[in-house]
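Right, one structure below, let's go through it.
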Ligand SMILES: Nc1ncnc2c1ncn2[C@@H]1O[C@H](COP(=O)(O)OP(=O)(O)OP(=O)(O)O)[C@@H](O)[C@H]1O
Ligand SMILES: [Mg+2]
């Protein structure tokens, strides 16, 4: 492959025993990257490339990507940080921009609305993760029994995940209807409660659970898939070894199945945690943050502050705080995940 | 410790026999090898004994107790897998302790037993490591330790050395044999390596195409193969097998001038055949003899094996032509293409029926075969 650019130097030496020392020694110096690029480039272009150092070539390759990354990722991030220290409002571009120090941060952290939103988010994230992990792992464990028709059931279970969240939000609104909703009907069928006596979306106590239920319904299949991959990654002979080692099914589950699937479960938790921390569309569609602002998650709150109230500086400060929090948590989590995976 | 008894045990996968009905009785403390080419059903047999595979027919008795339909965990056996099957998420110590913990053993007993087997296998320095960080030999030792720690009634090992390189295999082979002698544990050992089987076992079960071909001591399967398959399969190279016709006290083989002697003990057995037989003898049964000799041919190839040379001699012409392997002195100056004549030790000749492929007159093995200790067998 690199022969064209490689240098072959035949050297003759006077040695009688051909087999023992060889008649010809080939010395191949590795070609530089520039030579390799030139070798596989049309001639006019190759002439320009040939003289460059390896370092220059390397920069030429990654330059565009780095440029793009800087322009659409790093720059906006830094710009947000800058804006968070100003009183800038995006709907009044002509006004003078004043540096106001950490005032935005003080305001964010002392704003009870923000804390309420944080609480709503924490409730939503924690409960969806708990329910989805338990249900997802349980379903995966059942599907992994490989009973007849398990493939069919896998497909059925995966359907909610394939829907658009706007659609899901919309039709769950109908399911939650006190008078005609299927959800209320099913609950009343099993408990005997009057279906029109409770309103999942309209009630202050039930609405936070309404969004947890819908998200769990939609994303448990996703957690199940990842857990299933984890369970399938445990080879049969490990169970056979445990069997001859006289481990009970109970012990096999706790000593083998769960620890060996743990990296996968943790990965699912990470994905779901990140997703649900920034949850927006499904909840907006379903409750619009209501009733009142009971289901107004931080991302919804942030969007209101930034693009309805146009408090750009203030919302930048909120965004920076959220970013630091999520980034820090995710980092700690990934470290733990790596430790588990390394075993 | 226990005896193992297989009564007409068989296994079918779909319509194919993986193991045809077989009988086998293994004495307490015996080391038995299941030997055969790939796909002959060795692993399946072992897995049926362990209970990891259900039998299609027959019964399995462990220590005279019928365990045919018992779970592996009810059978008190230890299984050493070909690729070790260590628990990857546990340390070496946790791996070894696992069978004891599963039995709900007390902690101080666990510590004591683990320390004992760890000592025995000299893996004390590895206890904290994860299995994936160990070399193949060390992983194998850990797998053995996990099997030993519980003092099971029997050990079942499925090609435990299959994944190791040649040098390590020999070391581990000696170690396993040593362990067996020390523990005196009933052991069934699967291998497709006949050298391993010869070196380690009290008895060998030779299998081929889902059927047991012969059960016997290493010396028996080597010197008195029950049929042509065993004669070819055991030894490297296998037995020289030449088609021939009985002619008085000798068998004419491979065209004019080549004869193999019929020992006196075989004469009555051979008298009942139609005259066609297959004569067989090991490479070391031939002695090169200047210009006399009852057989002769041309040297076709010479292999140097270190302590001896193996001559490939092309014997006979046309239809009866064949290659005969002869063992000779390592210093012997034979050159390719030169003629050579040799005699065959009558005590070492065996005969087979060409149609049924079975050995003729079995059980009248020569004193040489019976007295030979297995250490002198093979290379
Ligand atoms: N689970 C199974 N399903 C179907 N056929 C099987 C199964 N296990 C084994 N077999 C077949 O049964 C036969 C015997 O297999 P087995 O694994 O016992 O052979 P083996 O002697 O151990 O061979 P090897 O030396 O390659 O390990 C083979 O033909 C194999 O393909
Ligand atoms: Mg096998």
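The values are calculated or read from the model by the stated rules, or taken from the named source; none is laboratory data. In this text the structure is predicted, and so the values were computed from the model without any measurement. Quick reminder, even Gly has a Cβ in these numbers, built from the backbone with ideal geometry, and neighbours come from all protein chains shown.
When you scan the range B:167-187, do you find a residue that is part of a strand (DSSP E or B), touching a residue at least 24 places away in the same chain (Cβ under 8 Å) and closer than 25 Å to residue A:240 by Cα, even just one?
yes
Suppose we keep only residues that are part of a helix (DSSP H, G or I) and more than 12 Å from the chain's Cα centre (by Cα) within the range B:211-230. Which one would you say is farthest from residue B:22 (Cα to Cα)?
B:223
Scan the range B:157-200 for residues that are on the phi > 0 side of the Ramachandran plot and within 16 Å of ligand 1 (Cβ to nearest atom) and report the count.
Adding up the residues that qualify gives 1.
Only one of these is at pLDDT 90 or above and closer than 23 Å to residue B:303 by Cα: B:326, B:336. Name it.
B:326
Given the residues B:39, B:14, which is the only one that is more than 16 Å from ligand 2 (Cβ to nearest atom) and out of contact with any helix residue (DSSP H, G or I) (no Cβ under 7 Å at 6 or more places or on another chain)?
Checking each option against the conditions leaves just B:14.
Would you mind stating whether residue B:246 is within 16 Å of ligand 1 (Cβ to nearest atom), touching a strand residue (DSSP E or B) at 6+ places or on another chain (Cβ under 8 Å) and in a strand (DSSP E or B)?
no
Go through (1) more than 16 Å from ligand 2 (Cβ to nearest atom); (2) surrounded by fewer than 19 Cβ atoms within 10 Å (Cβ to Cβ) one by one and return the number of the condition residue B:193 breaks.
All conditions pass for residue B:193, except number (1).
Run down B:23, B:28, B:63, B:76 and say which single residue is touching a residue at least 12 places away in the same chain (Cβ under 8 Å), more than 10 Å from ligand 1 (Cβ to nearest atom) and within 16 Å of residue B:207 (Cβ to Cβ).
B:23
Does residue B:147 fit the bill of being assigned to a loop (DSSP other than H, G, I, E, B) and either buried (at least 22 other Cβ atoms within 10 Å of the Cβ) or free of Cβ contacts under 8 Å to residues at least 40 places away in the same chain (or both)?
The answer is no for residue B:147.
Under 6 Å by Cβ, and 6 or more places apart or on different chains, what pairs join a residue from the range B:32-56 that is within 14 Å of chain A (Cβ to nearest Cβ) with one that is in a strand (DSSP E or B) and near ligand 1 (Cβ under 6 Å from one of its atoms)?
B:44/B:18
Residues are listed down the side, and each one gets a yes or a no for (1) buried (at least 19 other Cβ atoms within 10 Å of the Cβ); (2) farther than 25 Å from residue A:233 by Cα; (3) out of contact with any strand residue (DSSP E or B) (no Cβ under 6 Å at 6 or more places or on another chain):
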residue	(1), (2), (3)
A:276	yes, yes, yes
A:287	yes, yes, yes
A:292	no, yes, yes
A:298	yes, yes, yes
A:313	yes, yes, no
A:329	no, yes, yes
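Quick one: count up the residues across the range B:302-354 that are in contact with a helix residue (DSSP H, G or I) (Cβ under 8 Å, 6 or more places away or on another chain), buried (at least 17 other Cβ atoms within 10 Å of the Cβ) and assigned to a helix (DSSP H, G or I).
1
Restricting to the range B:81-103, give me the number of residues that are within 8 Å of chain A (Cβ to nearest Cβ) and within 16 Å of ligand 2 (Cβ to nearest atom).
Final tally of qualifying residues: 3.
Determine which member of the set A:57, A:97, A:72 is touching a strand residue (DSSP E or B) at 6+ places or on another chain (Cβ under 7 Å) and not assigned by TED's automatic domain parsing to the domain that holds residue A:313.
When all the criteria are applied, what remains is A:97.
Identify all residues within the range A:224-246 that are more than 10 Å from chain B (Cβ to nearest Cβ) and part of a loop (DSSP other than H, G, I, E, B); write none if there are none.
Within the range A:224-246, just A:233 meets the criteria.
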